[in-house]
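*Asks:* Pasting in a structure now, in C-alpha cells, and then I'll have a few things to ask.
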Amino acid sequence: MRNWLVRDLAGIAVISAVLVGISYFLGWIPIPGMAYYNRVIVTIGINIILAVSLNIINGHAGQFSMGHAGFMAVGAYTSAYLTYFHFQPFLATLAEGPGRFALQQALFLGALLAGGAAAGIAGWVVGLPSLRLRGDYLAIVTLGFGEIIRVLILNIDKIGGARGLSGVPAFANFFWVYFFVCIVIIVSWRLVRSQVGRAFLAVREDEIAAEAMGVNTTHYKVQAFVIGSFFAGIAGGLLGHYLVYLNPGMFQFTKSFEAIVMVVLGGMGSISGSVLAAVILTVALEGLRFVKEAFGLTSDPRMVIYAIVLILLMRLRPQGLLGNRELGDFFRRRKGGDR
Amino acid sequence: MTVTAVLEAKGVSIRFGGLTAVCDFNLAIQPTELVGLIGPNGAGKTTVFNMLTGVYKPTEGEIRVSGVNTRTLKAFDITKLGAARTFQNIRVFKSLSLLDNVKIGGHIHYKYSWADSVLHSITFREHERQAEKEALELLSMFDLDHRAHDEAKSLPYGDQRRLEIARALAAKPKLLLLDEPAAGLNTGETTELMQQIRAIRDKFGIAVLLIEHNMELVMGICERILVLNYGKTIAHGRPEEIQRNPVVIEAYLGEAVEV
C-alpha cells in the first residue's frame, strides 16, 4: 500500500475543505469595504507564493536571480492563453450547473499547472547556460532574461501585445491562491529537509566543498531554478485570473525586486520569513495608501515611507526578520549553540 | 600487483601560464596504504591534491582513480569513484548543522529525486533513515554527536577539522585525501588526530593520502612518504629513508633549522 500517498491526498483534502470554509467566511463578513480587504488578502497570497518560490532559488540554493517576474509572466500568459482562447469558449457551450463548475475548476487547475510548467521550462532554458555564472554576473543575466521574456510578450499580438490581454476569465479566488500558498510552502519545506534541499544548501554554503562531496552543483542549481520558476508561473497564472487582465508592464523588473525584497527582508533561506515578509510588505504598501488622505498631503508619500522602512529594517536587522531560521525555532530554542 | 591501485598518477604536470607548478608527478596508492605528501611551502602539495580531486586538470599526464582515467571527469564524478577529501582552509558548511554537513558528505549514496522529497515516498524515508543513522555514527566516532544539531561554525577550530573528516568519510571513500589535517592543532590534539587517522584506516580499510607540514604526524603514521620541492618529487620512500635523505634535509628540514 502506498499509504504515504493516501496520507498526502487526505492532507490536501483537509486543506481544501478548510480553505473553502474560510473563503465562505470571508465572503460573509458584513463590513463595508470587505471586497477591498479580500483583494488585499489575495494579493498577499500571490506575494507569498512569489517570495517562497524565489526563496528556493535565492535563499536555499544561494543563486541570486533577478528574473522572477519574467517567469511569472510566462506562467500568467500561458495559463491565460489556455483559459481565454480555449477553456472559456468551451465552457460557454455547456449548460450552467455543478458539472460545469467542477469542470471549470479542473480546467483552471490544468491551466495553472501548464503555466507553471511553461515557466519551469523557461527557467530550465535560462538556467542551464546562466547558472554557470556566479553572484553579480548571474544576477545581471537573469535580470536580462526577465526583460527579454517581457519584451517578447510585448511583441506577440495574439495575446494582446502592449495593449494587454483583457477579459481573462475570473477563475482565481481566495481558495485557489491559498491552495497554492499551502502547496508551495509544503513543497519548499519538504525539499529543504531532504537530500535535495541539503544539496541546495551545500551549493549556497560552499560550491567547491559541495562538488568535493559529490554534489553536481550545476544540476542542483538548475533544479532549484526550475522549481522556483514553476511556482512563479503559478503565481502569474493566479494573478492574471484574479485581475482579469494582463499587461506586460505588470512584469517589469520592479516586480522581481519586490520579490527579492521580501526574501531578503524575511531572511534568506527562511520559509516562514518569506511568508512573514510577504504579508508585512503587502499590508504596508496597502496601508500606506491612507497616509496621503489622512495628512491632507498633495502628493503620495507612500513609496518614500516604504523605502525608509526598508532602509531602517536593513540597517537594524541586516540578516532579515528571521535570519536563516524558521519561526518555530524561536519558540523551541535548541540547547547549545549561540543564538 | 593484482589489486587495482585506488590512485595512480603517471607523469602528471600542470602549468599556470609560464609557471610549472607540478612537474612529472608519479604516485600509486594501494588499498589501505597510508601515504604522506610533504614539502616546503609552495612546493605544490595542494596543487597535486587539486589535480587528484579534479579541481584542476593536469596539463600533462594521467590520473586514475580506482582504475578510471579522470581526465574528462568533474570533481563530483571523482568523488563517486571513491576519493573524498578535506581542505587546507576548512570548508565545512558553516551555517548548516553538523548532522547536515555529514549527510551532505554521503550525498552520492542517498539517491532519490526531488519528487521523492516532496511526496515523502518510501525511497525518501529509507534513505533518510539511513542517512541519519550513518551521520550520527560518524559524528559519535569523532565525539561530536552531542552537538549534532548545532551550526558547524559554532564548533572550535579543531572540531571543525574533525567534522570535515567525518563528512569526507560519509562518502564511504576508498581513498581519503587529507589536506593538512593537523594545521592549527596543538600537540595534544595532533597526537589524538594521528591515532584517529590510523584508526579510521584500520576500521574502514581505506587508503589515506595525507598532506602535512607537521613532521611528527607524517613520520609517525605514514608508511610511505613522498617529498615535493618546487613541484618536483625529490624523494619517495619509507619514513626512515626520508629522514636520512640528504636532499630532503637540505630542501626541507635544513631550511627549517635556519629559521
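*Asks:* What are the residues in the stretch B:118-130 that are under 20 Å from A:VAL187 (Cβ atoms) and more than 9 Å from chain A (Cβ to nearest Cβ), if any? It would help to see each step written out before you state the result.
*Replies:* So the first thing to find is which residues in the stretch B:118-130 are under 20 Å from A:VAL187 (Cβ atoms), and the list is B:118-125, B:127-128.
Of everything in the stretch B:118-130, just one residue is under 20 Å from A:VAL187 (Cβ atoms) and more than 9 Å from chain A (Cβ to nearest Cβ), namely B:THR123.
*Asks:* Working only within the stretch A:234-249, note down all residues that are open to solvent by 10 Å² or more (accessible area, probe 1.4 Å) and over 11 Å from A:LEU154 (Cα atoms).
*Replies:* In the first step, residues of the stretch A:234-249 are kept if they are open to solvent by 10 Å² or more (accessible area, probe 1.4 Å); the result is A:239, A:242-245, A:247, A:249.
Scanning the stretch A:234-249 gives A:LEU239, A:TYR242, A:LEU243, A:VAL244, A:TYR245.
*Asks:* How many residues, within the stretch A:189-210, are of a type in the set (A, V, I, L, M), open to solvent by 10 Å² or more (accessible area, probe 1.4 Å) and facing chain B (nearest Cβ under 7 Å)? Give the steps one after another, and end with the answer.
*Replies:* First pass over the stretch A:189-210, keeping only residues of a type in the set (A, V, I, L, M): A:191-192, A:196, A:199, A:201-203, A:208-210.
Filter again for open to solvent by 10 Å² or more (accessible area, probe 1.4 Å), leaving A:192, A:201, A:208.
Restricting the remaining residues to those that are facing chain B (nearest Cβ under 7 Å) gives A:201, A:208.
Residues that pass the stated criteria total 2.
*Asks:* Also, I was wondering about something else. Are any of the residues in the stretch B:232-255 under 16 Å from B:GLU33 (Cβ atoms), open to solvent by 20 Å² or more (accessible area, probe 1.4 Å) and not acidic (Asp, Glu)?
*Replies:* Yes.
*Asks:* Can you give me the ranges of the helices (runs of 4 or more DSSP H) entirely in the stretch B:131-221 with at least 1 residues that are surrounded by fewer than 24 Cβ atoms within 10 Å (Cβ to Cβ), out of contact with any Pro (no Cβ under 6 Å at 6 or more places or on another chain) and within 14 Å of chain A (Cβ to nearest Cβ)? Full working, then the answer.
*Replies:* Details: elements: B:157-169, B:187-204, B:215-221.
Fully inside the stretch B:131-221 and qualifying: B:157-169.
*Asks:* Against the definition (open to solvent by 10 Å² or more (accessible area, probe 1.4 Å) and either more than 14 Å from every other protein chain (Cβ to nearest Cβ) or under 22 Å from A:ALA117 (Cβ atoms) (or both)), how does A:ILE156 come out, yes or no? Give the derivation first.
*Replies:* Details: open to solvent by 10 Å² or more (accessible area, probe 1.4 Å): yes; either more than 14 Å from every other protein chain (Cβ to nearest Cβ) or under 22 Å from A:ALA117 (Cβ atoms) (or both): yes.
Yes.
*Asks:* Contact list please: Cβ distance under 6 Å, first residue in the stretch B:107-118 and open to solvent by 40 Å² or more (accessible area, probe 1.4 Å), second residue assigned to a helix (DSSP H, G or I) and modelled with pLDDT of 90 or more, pairs at least six apart or on different chains.
*Replies:* Filtered contacts from the stretch B:107-118: B:TRP114/A:VAL196.
*Asks:* Could you list all residues from the stretch A:284-334 that are within 14 Å of chain B (Cβ to nearest Cβ) and either surrounded by 15 or more Cβ atoms within 10 Å (Cβ to Cβ) or within 17 Å of A:GLY269 (Cα to Cα) (or both)? Break it down stepwise before answering.
*Replies:* Step one: of the stretch A:284-334, the residues within 14 Å of chain B (Cβ to nearest Cβ) are A:319-320, A:322-326, A:328-329, A:332-334.
Result: A:GLN319, A:GLY320, A:LEU322, A:GLY323, A:ASN324, A:ARG325, A:GLU326, A:GLY328, A:ASP329.
*Asks:* Next question, about the same structure. Might you let me know whether the stretch A:211-221 holds any residue that is within 14 Å of chain B (Cβ to nearest Cβ), in contact with a Lys or Arg (Cβ under 8 Å, 6 or more places away or on another chain) and touching a residue at least 24 places away in the same chain (Cβ under 8 Å)?
*Replies:* Yes - at least one qualifying residue is present in the stretch A:211-221.
*Asks:* Any residue in the stretch A:65-87 that is on the phi > 0 side of the Ramachandran plot and free of Cβ contacts under 8 Å to residues at least 12 places away in the same chain? Write out each step before concluding.
*Replies:* Going through the stretch A:65-87, the residues on the phi > 0 side of the Ramachandran plot turn out to be none.
Within the stretch A:65-87, not a single residue is on the phi > 0 side of the Ramachandran plot and free of Cβ contacts under 8 Å to residues at least 12 places away in the same chain.
*Asks:* Let me ask something additional. Determine which single condition A:PHE87 fails, assuming it passes every other condition in (1) closer than 26 Å to A:GLN195 by Cα; (2) surrounded by 16 or more Cβ atoms within 10 Å (Cβ to Cβ).
*Replies:* Result: A:PHE87 fails condition (1) only.
The values are calculated or read from the model by the stated rules, or taken from the named source; none is laboratory data. This one's a predicted model, so the numbers in the text were calculated from it and none came from an experiment. Because the Cβ atoms are built from the backbone with ideal geometry, glycine has one as well, and the counts that use them run over all protein chains shown. Just the protein is used for accessible areas: all its heavy atoms, side chains included, with ligands, DNA and RNA removed. Shrake-Rupley method; radii C 1.70, N 1.55, O 1.52, S 1.80 Å.
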